[in-house]
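Below is one structure, written out as structure tokens; comments come after it.
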Amino acid sequence: MPSRIDATFARARAENRAVLVTYVMAGDPDPETSLEVLKALPGAGADILEFGLPFTDPMADGPAIQAAGLRALKAGQGVAGTLDLVRRFRAENDGTPIVLMGYFNPIHTYGVERFLDDAVAAGVDGLIVVDLPPEEDSELCLPALAKGLAFIRLATPTTDERRLPAVLANTAGFVYYVSITGITGTATPDFGKVSEAVARIRRHTDLPVVVGFGVKTGAHAAAIAKGADGVVVGSALVDTLVRSLDSEGRPQPGTVPAVAELVRELASGVRAGGVGRAA
């Protein structure tokens with residue numbers, strides 16, 4: 001049986017399109033609202049869901065996701081609570097892949113073996129842990145792969161030809177190309193350079209290559225989709241959620257619909273962009 005991630009990319013290739021990967025923070029602005037947002041994303045057009053693990057020091061993330069993590073932590077969100085939200089999501093949706101994205105410290109504190117077992121049981125499909133380089137694969141990457149979890153690695157504009165083979169060595173699911181030099185949500189990528197970078201990565205791997213960081217609109221998504229297997233959007237969704245909250249930071253009736261509406265726009269852009277790799 002193919003994994004949920006593999007099946008999703010295969011289905012998108014059959015439809016001659018890229019996939020849309022959406023990121024939201026677990027527990028933002030509170031656990032129940034974040035679960036309702038997560039549930040709404042597939043119906044709005046999201047193909048793969050990244051669910052953020054809140055952490056106090058998210059060094060790769062910009063102001064929007066940093067603030068989201070702090071809101072989630074203030075609301076009491078942790079690793080156990082995040083896995084419980086995934087479990088509750090899976091009770092209604094067994095087909096959409098979920099990738100947990102975060103940092104190693106909360107996982108280490110929870111306990112690696114316990115975390116992996118609980119993640120598999122909850123229905124997690126993959127992990128993106130941005131502060132574990134290939135030299136530390138024995139810490140989490142290899143044990144995750146042994147449990148059947150995809151370990152998804154990031155490549156960046158500064159990942160040169162010498163470094164790329166190490167980055168790709170134990171990567172599974174897909175390769176996440178960071179389209180800008182810097183943190184999330186702070187700049188718009190140069191779409192021409194992104195296409196060139198994706199083509200360079202593809203010379204080294206048959207894995208799908210998705211592109212994130214700086215994608216904010218349907219037009220951005222369409223431009224990226226022309227040369228990549230997938231498009232990731234996170235900060236723009238988090239910003240949309242924040243704008244829907246009241247002055248006390250509480251969700252309103254329009255919170256979930258606002259996020260879903262942006263996802264529909266992004267999904268339309270991804271589908272209009274076509275696909276960068278034939279079936």
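The values are calculated or read from the model by the stated rules, or taken from the named source; none is laboratory data. Keep in mind it's a predicted model, so treat the numbers as computed, not measured. Reconstructed Cβ throughout: ideal geometry from the backbone, glycine too, with neighbour counts over all protein chains shown. Accessible surface is based on the protein model in full, side chains and every heavy atom, while ligands, DNA and RNA are left aside. Shrake-Rupley method; radii C 1.70, N 1.55, O 1.52, S 1.80 Å.
Between E15 and A146, what FRET efficiency comes out of the Förster formula 1/(1 + (r/R0)^6) with R0 = 25 Å and r the beta carbon distance, rounded to 0.05?
Values: r = 33 Å, r/R0 = 1.30.
So the FRET efficiency works out to roughly 0.15.
Please turn the phi angles of the stretch 195-207 into ³J(HN,Hα) values with the Karplus equation 6.51 cos²θ - 1.76 cosθ + 1.60 (θ = phi - 60°), one per residue in order, whole Hz, x for glycine and proline.
4, 5, 5, 4, 4, 5, 5, 5, 5, 10, 7, 9, 5
Give me the net charge for the shell around T158: Cβ to Cβ below 15 angstrom, other residues only, Lys and Arg +1, Asp and Glu -1. Before the final figure, lay out the partial values.
Numbers: positive: R153, R162, R163, K193, R200; negative: D160, E161, D190, E196.
Its environment carries a net charge of +1.
Could you tell me the accessible area of T109 in Å² (1.4 Å probe, neighbours in place), rounded to the nearest ten?
Rounded to the nearest 10, that gives 110 Å².
Once you list every other residue whose beta carbon is under 14 Å from the beta carbon of G62, what net charge do they have if Lys and Arg are +1 and Asp and Glu are -1? Write out the running numbers ahead of the final one.
On the way: positive: K216; negative: D57, D61, D239.
Here the count lands on -2.
If you plug each phi of the stretch 267-272 into the Karplus form 6.51 cos²θ - 1.76 cosθ + 1.60 with θ = phi - 60°, what whole-Hz ³J(HN,Hα) values come out, in order, with x for Gly and Pro?
4, 5, x, 4, 5, 6
Per DSSP H run of n ≥ 4, the term is -39500 (n - 2.57); total these for the chain, divide by its residue number, and report the mean residue ellipticity at 222 nm rounded to 500 deg cm²/dmol.
On the way: 12 runs with 125 residues, N = 279.
Taking each H run of at least 4 residues, the total per residue is -13500 deg cm²/dmol.
Using a 1.4 angstrom probe on the protein heavy atoms only, line up L20, L73 by accessible area, largest first.
On the way: L20 0, L73 60 Å².
Ranked from most to least accessible, the order is L73, L20.
Scale the Cα Rg of the chain by the rule-of-thumb value 2.2 N^0.38 Å and send over the ratio, two decimals.
Working: Rg = 17.1 Å, N = 279, 2.2 N^0.38 = 18.7 Å.
Computed over Cα atoms of the chain, the ratio equals 0.92.
For the stretch 231-251 and the stretch 1-58, what is the separation of their C-alpha centers, rounded to whole Å?
Comparing the Cα centres of the stretch 231-251 and the stretch 1-58, I get a distance of 16 Å.
In the neighborhood of V270, defined by Cβ-to-Cβ distances under 9 Å, what is the net charge if each Lys or Arg adds +1 and each Asp or Glu adds -1? Could you put the intermediate results ahead of the total?
Values: positive: R17, R271; negative: D47.
Cβ neighbours under 9 Å give a net charge of +1.
Can you tell which of A260, A60, A155 shows the greatest fluctuation in a Gaussian network model of the chain with Cα springs below 10 Å?
A60
Under 19 Å Cα to Cα from K216, which lysines show up? Leave out anything in the same chain fewer than 8 places away.
Within the straight-line cut-off, K216 pairs with K193, K226.
How compact and how long is the stretch 10-97, expressed as Rg and Dmax of its alpha-carbon atoms in Å?
Over the stretch 10-97's Cα set, Rg and Dmax evaluate to 13.8, 43 Å.
At 7 Å along Cα-to-Cβ for each site, give me the label-to-label distance between A91 and D57 in nm.
Each label point lies 7 Å from its Cα, and together they span 3.7 nm.
Once you put a point 7 Å from the Cα of K193 and another 7 Å from the Cα of S138, both along the Cβ direction, what distance in nm separates them?
3.7 nm
Once fully extended, how much extra length lies between H204 and E36, figured as 0.36 nm per residue of separation less the alpha-carbon to alpha-carbon distance? Please report the intermediate quantities before stating the final value.
Numbers: separation 168, 0.36 × 168 = 60.48 nm, distance 3.87 nm.
Stretched out fully, the H204 to E36 stretch lengthens by 56.6 nm.
Using a Förster radius of 30 Å, what is the FRET efficiency between E113 and N170 based on their Cβ-Cβ separation? Nearest 0.05, please. It would help to have the intermediate numbers written out before the result.
Values: r = 18 Å, r/R0 = 0.60.
Step by step, r from the Cβ atoms, then E = 0.95.
What are the ³J(HN,Hα) couplings of the stretch 44-61, residue after residue, when phi is run through the Karplus curve with 6.51, -1.76, 1.60 and θ = phi - 60°? Round to Hz, x for glycine and proline.
Once θ is set to phi - 60°, the couplings for the stretch 44-61 become 8, x, 6, 9, 10, 10, 9, 10, x, 8, x, 8, 6, 10, x, 5, 8, 9 Hz.
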